[in-house]
Structures are given as structure tokens and as C-alpha cells.
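Data first, discussion second: the structure below is written as C-alpha cells.
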Amino acid sequence: MRQKFNKLATKSFFDEKNTYLEPEILNINNENCILEIGSGKGKFITEYALKYPNVTFIAVEINRHVAYHILKKVKEKNISNLHLIVDSAKNLIYYLNKETVSSIYLNFSDPWPKKRHHKRRLTHPNYLKIYKTILKKNGKIFFRTDQKEFYFDSSLYLQSYFKQISYSQNSIRLPIMSEYELKKRKLGPIYSIEAEGINEWLSRFDAFRRNSRAWR
């Protein structure tokens, strides 16, 4: 659904500490750093950050009219352990150093059902290559959706990039849920995937393949 224009979502509104509209490497020193991509209005990530004040959280939302609601919650609740990136996930390598993030949450990402749009999916290998750079070696990805086809396709994408994967076609309720999950749980099952441990062999194979092309 297209989000309405928000006249309050000005550049000056986002001129806050820990808020980024343009690429800049974040200074993350915490061993436990959790990233949510496509944070929407921020219910999940802000409640999570409030519950665990000693953990560093990062919310990524490309639409500033939606991201406005995240920062509004951060201000109202005086959350100091959350960074907000208003940009595409494609640019995460310009914000985060290698092996910075311990967990990535993909909560009800756009399923992009048309085949010609599959490369836009946040679980597509185009994005997984970025995630494996910023994730720690034993890092995790948590994926949730109400779209069955998207779930099955994502399970195939993730199999090549992680050592351990678990699946559920009827996920239990979590203590903290996004706005979208609260709404969709009434209508049908929620599908989830938990992937852990970067596949090092694939990383080496990718590097070899790039070097091979460079010598052709």
C-alpha cells in the first residue's frame, strides 16, 4: 500500500542523533547488535529496544514518510539504543562495517509476487550477499511472512547461504510482534524461517568466481 505524504517528515525532523539519511559508517561497539530491515512504523523494533536497553538496535526503512513514525516513537519513549537508517537495504555496506550485526529480522517484507520483480525481495541472493558481509560468522536471520509462495522461495534462497535452517508453517505468537503480524494472525498461518551461521564455503566460492572473471 502506498503511504500518504507526511508533511512533518522533513529533513530537519530527522536531524537527530543516531538517525541517518545518507551513507555514514555507524560506530557500533556492542557485541550484540540487532538489525530490522523494513521496519515500517517501528512497533517491533522500538518495543524490542525498550525491553533490552543493553543491546544495540538498528531500524532500516526506505520510506521517510513511514520512518517518521519510528523516530516519533524513539523520541516519545526516549530510546537511546536504537539507530535509524532511512535508506535502501542495498546500501547497508556503506553504513555498517563487516561482521557487525548478530541478528537480522525480516518481518513481513514485500513479497514481490511477480517473477520479474523477485530480485527486489529482501531474501533474494542479491541481498543475502550483502547480509553475509555485515553479519557475524555465527549470525542469524529471522524471516516471517503470511505469503506461502514467498516463504517457500525464501527457504530455497537461504539454503545456500547458511549452515543451519529451521522452518515453520504455523509460527507461534511472539511476545513482541509488528503491526502487520498482529493484523494478519487473525486471517491465517504465519510462516517463518530461522537461518544461522554463514556458509563459508559459498563465500570462498564467490570470491574465486569473481577473481576468475577478472582474469578473463
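The values are calculated or read from the model by the stated rules, or taken from the named source; none is laboratory data. The model shown is predicted, which means the values in this text are computed figures rather than measured ones. Reconstructed Cβ throughout: ideal geometry from the backbone, glycine too, with neighbour counts over all protein chains shown. In case anyone asks, the SASA skips ligands and DNA or RNA and just uses the protein heavy atoms, side chains included. Shrake-Rupley method; radii C 1.70, N 1.55, O 1.52, S 1.80 Å.
Could you work out how much longer the chain between Lys148 and Lys119 gets when fully extended? Use 0.36 nm per residue separation minus the Cα distance between them, nm to one decimal.
This chain segment gains 8.7 nm when fully extended.
Please give the net charge around Asp87, taking every other residue with its beta carbon less than 9 angstrom from that of Asp87, where Lys and Arg add +1 and Asp and Glu add -1. For residues surrounding Asp87, the net value is -1.
The order of Phe142, Phe150 by accessible area, most exposed first and with a 1.4 Å probe, is Phe142, Phe150.
Here is the tail figure for the chain: Cα pairs spaced more than 25 Å apart come to 39 percent of all pairs.
About its Cα centre, region 1-145 has a charge dipole of approximately 780 debye under the convention of +1 per Lys or Arg Cβ and -1 per Asp or Glu Cβ, with nothing else charged. Among Lys43, Lys115, Lys186, the largest mean-square fluctuation in a Gaussian network model of the chain (Cα springs under 10 Å) belongs to Lys115.
Going by accessible surface with a 1.4 Å probe and the largest first, Asp110, Asp15 read Asp15, Asp110. With every protein chain in place and a 1.4 angstrom probe, the accessible-area ranking of Lys7, Lys114, Lys73, largest first, reads Lys7, Lys114, Lys73. Taking a sphere under 15 Å around the Cβ of Lys114 and counting the other residues whose Cβ falls inside, with K and R at +1 and D and E at -1, yields a net charge of +2.
In a Gaussian network model over the chain where Cα atoms closer than 10 Å are linked, find which of Phe152, Phe108, Phe44 has the largest mean-square fluctuation. Checking each option, the largest mean-square fluctuation is seen for Phe152. Projecting the Cα atoms of Asn78, Phe143, Ser155 onto the charge dipole of region 65-167 (Cβ charges, centred on the Cα centre) puts Ser155 farthest toward the positive pole. In the structure shown, do any of Lys90/Lys114; Lys7/Lys73; Lys7/Lys115 have a Cα-Cα gap over 28 Å, and if so which? Cα-Cα > 28 Å for Lys7/Lys115; rest within.
Express the relative contact order of region 94-159 as a whole percentage, based on alpha carbon pairs under 8 Å and six or more residues apart in sequence.
45
With R₀ set to 25 Å, the beta-carbon distance separating Asn170 from Glu196 gives a calculated FRET efficiency near 0.75. Other residues with beta-carbon under 15 Å from the beta-carbon of Pro189 carry, at +1 per Lys or Arg and -1 per Asp or Glu, a net charge of +4.
Rounded to a whole number, what % of the accessible area of the chain do carbon and sulfur atoms account for, probe 1.4 Å? Here it works out to 50 percent. Looking at the chain as a GNM with Cα springs under 10 Å, which of Leu182, Leu158, Leu71 has the largest mean-square fluctuation? Ranking Leu182, Leu158, Leu71 by mean-square fluctuation puts Leu182 first.
Rolling a 1.4 angstrom probe over the protein heavy atoms with all chains in place gives region 1-104 an accessible area of 56 Å² per residue.
With the convex hull drawn over the C-alpha atoms of region 1-83, the volume per residue is 94 Å³.
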